[in-house]
């Protein structure tokens, strides 16, 4: 970019992050799905294993670059189940760090079983990368930015792809400040569609500047405190056996086999999504995966909230769903 002088003033963003992944190589891209697809292209993997229980965009990103996609199921401990015929050890094995709560033992078990591993840490931005593996991270799931992802490893080839642009669709970030996240939701969906049709790109300069100014330690600490507070309040009702030891997660994953929890939360302005609805109806998914699709409630624990907010959300759940009259 040619340096320019004069004209309007841009946002003034303090640069505090110079090395997010100390000691590792990384490539900054525009989305998590493209980080995984980039790994397949850069390291010439013709086949990639992904779990059934994951976002359809992962599959779409791989198919777009001509990679064969194979699938596996997970068990009630969120660990892989070997498919009939076993795994092809030449393929790239993608393991999803569900909710951002993958433990060190889980990481080591995956590495012991598979020769070529990519940890999909799009739900666990603060999970540290491991030597001899690849890791993919998503910025938008953790920070107020218009695009962004990282592929992290020991040495990563650079591909000849363009740099993304996000300024024209980033207005939802400003709208959310003035009118709240729900008022900016439609604009944020337009931004997501922009990323989907943009294709594989390097991270936009706007997101690079925004990411450089984030106090990462503060974000991690607040998310961990919120997660722990939520677990203290409602953990005994959670049908998922979870613990936190490897960085701040994306959400608090509450699994309770009761109808209507998600809808009631939304009615009370506690906006929680339903992930991967198709899983419940698919013939290839198992009973546990169907249960997750139907009943899992990803509760917000973002750095914009404090422990008082966690008490409010937990209190609503306890009063209306978790404590029997």
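The values are calculated or read from the model by the stated rules, or taken from the named source; none is laboratory data. This is a predicted model, so every value here is computed, not measured. Methodologically, a virtual Cβ is constructed for each residue, glycine included, from the backbone with ideal geometry; neighbour enumeration extends over all protein chains shown.
Pick from 173, 159, 118: which is in contact (Cβ under 8 Å) with a residue 24 or more places away in the chain and either part of a loop (DSSP other than H, G, I, E, B) or closer than 19 Å to residue 275 by Cα (or both)? Spell out the reasoning first.
Values: 173 fails: either part of a loop (DSSP other than H, G, I, E, B) or closer than 19 Å to residue 275 by Cα (or both); 118 fails: either part of a loop (DSSP other than H, G, I, E, B) or closer than 19 Å to residue 275 by Cα (or both).
Among 173, 159, 118, only 159 is in contact (Cβ under 8 Å) with a residue 24 or more places away in the chain and either part of a loop (DSSP other than H, G, I, E, B) or closer than 19 Å to residue 275 by Cα (or both).
Does residue 210 satisfy being outside the structural domain of residue 57 (by TED's automatic domain parsing), surrounded by 20 or more Cβ atoms within 10 Å (Cβ to Cβ) and either more than 27 Å from residue 151 (Cα to Cα) or modelled with pLDDT under 95 (or both)? Let's see the steps before the verdict.
Working: outside the structural domain of residue 57 (by TED's automatic domain parsing): yes; surrounded by 20 or more Cβ atoms within 10 Å (Cβ to Cβ): yes; either more than 27 Å from residue 151 (Cα to Cα) or modelled with pLDDT under 95 (or both): no.
When the stated conditions are applied, residue 210 does not pass them.
Answer yes or no: is there a residue in the stretch 43-56 that is in contact with a strand residue (DSSP E or B) (Cβ under 8 Å, 6 or more places away or on another chain), in a loop (DSSP other than H, G, I, E, B) and either over 20 Å from residue 137 (Cα atoms) or assigned by TED's automatic domain parsing to the domain that holds residue 220 (or both). Full working, then the answer.
To start, the set of residues in the stretch 43-56 that are in contact with a strand residue (DSSP E or B) (Cβ under 8 Å, 6 or more places away or on another chain) comprises 43, 45-54.
Filter again for in a loop (DSSP other than H, G, I, E, B), leaving 43, 45-46, 52-54.
Filter again for either over 20 Å from residue 137 (Cα atoms) or assigned by TED's automatic domain parsing to the domain that holds residue 220 (or both), leaving 46.
Yes: the stretch 43-56 contains one or more residues that are in contact with a strand residue (DSSP E or B) (Cβ under 8 Å, 6 or more places away or on another chain), in a loop (DSSP other than H, G, I, E, B) and either over 20 Å from residue 137 (Cα atoms) or assigned by TED's automatic domain parsing to the domain that holds residue 220 (or both).
Sort through 70, 131 and tell me the only one that's in a strand (DSSP E or B) and either without any contact (Cβ under 8 Å) to a residue 12 or more places away in the chain or surrounded by fewer than 16 Cβ atoms within 10 Å (Cβ to Cβ) (or both). Steps first, answer last, please.
Details: 131 fails: in a strand (DSSP E or B).
Sole residue among the options that is in a strand (DSSP E or B) and either without any contact (Cβ under 8 Å) to a residue 12 or more places away in the chain or surrounded by fewer than 16 Cβ atoms within 10 Å (Cβ to Cβ) (or both): 70.
Could you say whether any residue in the stretch 97-105 is assigned to a strand (DSSP E or B) and within 30 Å of residue 302 (Cβ to Cβ)?
So the first thing to find is which residues in the stretch 97-105 are assigned to a strand (DSSP E or B), and the list is none.
Looking through the stretch 97-105, none of the residues is assigned to a strand (DSSP E or B) and within 30 Å of residue 302 (Cβ to Cβ).
Quickly run through the stretch 16-60 and pick out the residues that are surrounded by fewer than 10 Cβ atoms within 10 Å (Cβ to Cβ) and either within 15 Å of residue 135 (Cα to Cα) or within 24 Å of the chain's Cα centre (by Cα) (or both).
At the first step, the residues of the stretch 16-60 found to be surrounded by fewer than 10 Cβ atoms within 10 Å (Cβ to Cβ) are 18-19, 22-23, 44.
Selection gives 18, 19, 22, 23.
Is there a residue being surrounded by fewer than 21 Cβ atoms within 10 Å (Cβ to Cβ) and closer than 30 Å to residue 318 by Cα anywhere in the stretch 168-177?
For the stretch 168-177, residues surrounded by fewer than 21 Cβ atoms within 10 Å (Cβ to Cβ) and closer than 30 Å to residue 318 by Cα: present.
Going residue by residue through the stretch 316-323, is there one that turns out to be over 22 Å from residue 223 (Cβ atoms) and buried (at least 17 other Cβ atoms within 10 Å of the Cβ)?
yes
Of all residues in the stretch 252-289 being in a loop (DSSP other than H, G, I, E, B) and out of contact with any helix residue (DSSP H, G or I) (no Cβ under 9 Å at 6 or more places or on another chain), which is surrounded by the fewest Cβ atoms within 10 Å (Cβ to Cβ)?
In the first step, residues of the stretch 252-289 are kept if they are in a loop (DSSP other than H, G, I, E, B); the result is 256-260, 268-276, 281-286.
Narrowing the set further to residues that are out of contact with any helix residue (DSSP H, G or I) (no Cβ under 9 Å at 6 or more places or on another chain) leaves 269, 283-284, 286.
Numbers: 269: 8, 283: 4, 284: 9, 286: 16.
Top of the filtered list is 283.
Can you name every residue in the stretch 82-96 that is assigned to a strand (DSSP E or B) and more than 15 Å from residue 249 (Cβ to Cβ)?
Initially, the stretch 82-96 is screened for residues assigned to a strand (DSSP E or B), giving 92-96.
Of everything in the stretch 82-96, those that are assigned to a strand (DSSP E or B) and more than 15 Å from residue 249 (Cβ to Cβ) turn out to be 92, 93, 94, 95.
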